[in-house]
Each structure stands twice: as structure tokens, then as C-alpha cells.
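To keep things clear, I will list the structure first and then write my remarks on it.
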Amino acid sequence: MWAAAFIVLALLVTCALLFFWLVGERGRWLTSTREFFRQSGFRFRTLHGYIYLRWTPRYVKALFSLPPPASSPQGRKAAGWLADHYHAKVLRHDHARAIVGLERDIPLQDLEQIIPYPVARNIVLNGPPDVVVYECPCRHARAAHCEPTQVCMLIGKPVTDFALEHQPGLTRRLSQAEALELLQAEHERGHLHSAWFKDATLDRFYAICNCCKCCCGGVSTMKQGVPIMTSSGYVAEIDRELCANCDDCIEACPFDALSKNGEGVVRDWERCMGCGVCEVKCATGAVSLVRDERKGIPLDVRALA
């Protein structure tokens, strides 16, 4: 099944290339398409990026239809490729707000300890950032999904212009204040923030997703053993004196990192990604995020600038 998926992807890329050569895009090149290819050049992964951005909902839905990657050797190989080329950094709420709230350009270099992947290690975050909100393809791919659905935030040109021109019914531009309000609302709903990187989108950071545990493809892929997301650099810590043993944090954790034994709620260090959802859902203040250097360096632009 995974081998067939790669064959289909190759055929789609070939068809897209032929389409460009023969007739162009809608009879002409849209401005955002020209800029996308000008910045990235004509390469296989650029065409892949075009397909991904142009038909994101269908792309994600097709991935969801595949069997779990661990079910076959081909699936495990494909999962390794996916983790190297498409991945995310979990963000604490204040770190996500710091990116959206930028007021000046910040170049980030040598990010191996922050983003331990082969791509997206040298990036520039432009401030104030251009932000476009997009219909979440993961939520729409589920038969029963969470609301609201317009919660994925694309960051920076030409990706934002590309989405607006190609998906006008699914996107809208946000002011900086509106973007911060969206992050706050999703935080209060108990959804985690994650910064996404993809080599097919100009080798750069391009989105902040606000992910729920039941719909997010990244979360479900992580739980299947594919390291597509990396920790925020923090872990949850439980104060047993304040803990009411209500199980709210256990039910809310996207990565199944919390459970209960005879002594109360316990945390699985390996599974904990430091997203802070448990902290939000704890009514007694018993859960907090603490810095853990073994989990890597946080993507905190205020400290890395």
C-alpha cells in the first residue's frame, strides 16, 4: 500500500509538470505560483510542495487512508522518509504567541538541537509575520471532527499568498491581533500548538497548527511510533499535594503520557512532549511545565534572537 502511494505521488508530480508545460495554471501563472517557483526552483520536491499546498485537504485525506506505517517494512521505510521531510516542533503557548507577535526579522541559525532533522535548520522569521488561517485538513478528513475547523495558521510569503490565491474559500488573512486571539482560543480549548517544517515548502517553517488529540495526523502518527514531532523542551510535573485525582489531565493528554497508579497520576517521560494541554485542563493547578534539557532546546524566539 505504501509503495503504491509513492507511485501515485510520482504520477501526480509528473502530471503537474506536464500541466505546467502544456497550458500553465488556469491558462496563466498566478502571481503566488511564480513567486513560489522563483524562490525554490524547479525541483521534484518543489512540485511535490505545489501539490501539497494546492490540494492539501485531498493530500492529507489520502495519507489518512493508508494503513499504519508499522504494519509493513515498506510502511516503516516510508515513515522514516516522512519524519525527515515533514515534521513539527511542539510549542508552549507563550512560544507560539511570541512567533505570531514578532515585530522584527529574526534569523535563526544552527538549529540542530531545536529541530533535529535534515531540513529547516537555518530560517528567518519575518516580523510582523504575514498570517493566513486555513481550514484544518486533518479535522476535515475525519468523519466526526472537532470544531472550529479554520485553525491552521500559515506563516509568511509566498505560502500565505499561494493559499489565498488557490484556496480563496478556505482561507483568510489575519491581523496580528486576530492571530493572537485564535491562539488564545485554541489554547483554552486544550489544543496544542506546533510549528511545522517541510522541505517541499522552501526548506522552512511555514505553519503553526492548533492540534486536537482526536483529529491531528501528526499526533496520531507520533502515537504509531513515527517521530514526526519533537518536544517543546519541557515536561509536565505533577504536584501530588494539589492533585485532585480527577483524571482530567489524563483524558486531555494528546500523547497518552499520563496515567494513574496506586500513588496517583504519573507521567511517562518518553511520551511527554511538553505541550501544556494537561496544565490548561488541571483545575487545581497541580500540573506545570518544567524545563528539561534532555528534551532539547525550546523554539523560543525571544531567547534565540
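Derivation of every value follows stated rules applied to the coordinates shown; laboratory data play no part. In this text, all values refer to a predicted model and were calculated from it rather than measured experimentally. Methodologically, a virtual Cβ is constructed for each residue, glycine included, from the backbone with ideal geometry; neighbour enumeration extends over all protein chains shown.
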Q) List pairs: first in region 273-291 and on the phi < 0 side of the Ramachandran plot, second of a type in the set (S, T, N, Q) and not in a strand (DSSP E or B), Cβ under 7 Å, 6+ apart or cross-chain? A) Met273/Ser231; Met273/Ser232; Cys275/Ser232
Q | Residue list for region 251-305, filter: of a type in the set (Gly, Ala, Ser), surrounded by 18 or more Cβ atoms within 10 Å (Cβ to Cβ) and over 18 Å from His193 (Cβ atoms) | A | Ala286
Q) Is it fair to say Asp268 is touching a helix residue (DSSP H, G or I) at 6+ places or on another chain (Cβ under 8 Å) and either free of Cβ contacts under 8 Å to residues at least 40 places away in the same chain or of a type in the set (Val, Ile, Thr) (or both)? A) no
Q: Using the structure shown, decide if Pro116 is surrounded by fewer than 22 Cβ atoms within 10 Å (Cβ to Cβ), assigned to a loop (DSSP other than H, G, I, E, B) and either without any contact (Cβ under 8 Å) to a residue 12 or more places away in the chain or not aliphatic (A, V, I, L, M) (or both).
A: yes
Q | Of all residues making up region 136-158, the number that are of a type outside the set (A, V, I, L, M), in a strand (DSSP E or B) and crowded, with 18+ Cβ neighbours inside 10 Å | A | 1
Q. How many residues does region 197-231 contain that are among the basic types (Lys, Arg), buried (at least 21 other Cβ atoms within 10 Å of the Cβ) and in a loop (DSSP other than H, G, I, E, B)?
A. 0
(Q) Checking the conditions here, which among Leu183, Leu164 is in contact with a helix residue (DSSP H, G or I) (Cβ under 6 Å, 6 or more places away or on another chain), on the phi < 0 side of the Ramachandran plot and not in a strand (DSSP E or B)? (A) Leu183
